[in-house]
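Visitor: I have a structure I would like to understand better, so I am pasting it below and will then ask my questions one at a time.
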Amino acid sequence: MLVLAGLVLLQVLGMAAVALWYGIALVSSPAASFGGAVFTLVLLLAIAGWQAVSAVALSRGRRWARAAVLVWQFFLFAIAVPTLTGGFWGWALLLGLPALAIIALLFRRDVVAFTTPGPAAG
């Protein structure tokens, strides 16, 4: 379980790095649409924050976190496939391989058991 949460946290760090890079680029060069650029920066930070919350919840056995993490992995894989066909192999593998590994880990029996609540007492 900790390996899975750690992989998701590594993705969070990657997203935070992209947001930092984007923010620096936003400050250092003019954007065609400042409002759109700020929205994109806020969206990148919100995604990183939500995935961090999801990783912590996953490590605590919260069932909903599996769904949140799974949806994000599908988005990453959906970005990785056209990136691969566009000839950017490195970026595609950087996005796609961890996403596939996390998807596989999400469906392991021990992960499902850890995130499934036991019978209610009483």
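Visitor: ³J(HN,Hα) across the range 87-97 via Karplus (A = 6.51, B = -1.76, C = 1.60, θ = phi - 60°), whole Hz, x for Gly/Pro?
Guide: Each residue of the range 87-97 in turn: x, 9, 4, x, 5, 4, 5, 5, 7, x, 5 Hz.
Visitor: List the trypsin sites (Lys or Arg not before Pro) in the range 34-71 that DSSP assigns to loop (not H, G, I, E or B) and whose Cβ has at most 14 other Cβ atoms within 10 Å. Which are they?
Guide: Passing sites in the range 34-71 are ARG60.
Visitor: Something else now. So for SER29, SER59, fewest C-beta neighbours within 10 Å to most, what's the order?
Guide: Final ranking by Cβ density, sparse to dense: SER29, SER59.
Visitor: Can you give the net charge of the other residues whose Cβ lies under 15 Å from the Cβ of ALA104, counting K and R as +1 and D and E as -1?
Guide: Net charge around ALA104: +2.
Visitor: Can you give the calculated 222 nm mean residue ellipticity of the chain, where each DSSP H run of n ≥ 4 adds -39,500 (n - 2.57) and the sum is split over every residue, rounded to the nearest 500 deg cm²/dmol?
Guide: Estimated from H runs of four or more residues: -28000 deg cm²/dmol.
Visitor: What whole-number distance in Å separates the alpha-carbon centres of the range 32-48 and the range 1-18?
Guide: Each part reduced to its Cα centre gives a spacing of 20 Å.
Visitor: Working out 0.36 nm times the residue gap between TRP64 and THR85, then minus their Cα-Cα distance, what length gain in nm do you get to one decimal?
Guide: 4.3 nm
Visitor: Can I ask one more? Looking at the P(r) of the chain, how many percent of alpha-carbon pairs lie beyond 22 Å?
Guide: 44 percent
Rule-based calculations on the coordinates, nothing more; no lab input. Every value quoted in this text rests on a predicted model; they were computed, and no experiment measured them. Reconstructed Cβ throughout: ideal geometry from the backbone, glycine too, with neighbour counts over all protein chains shown.
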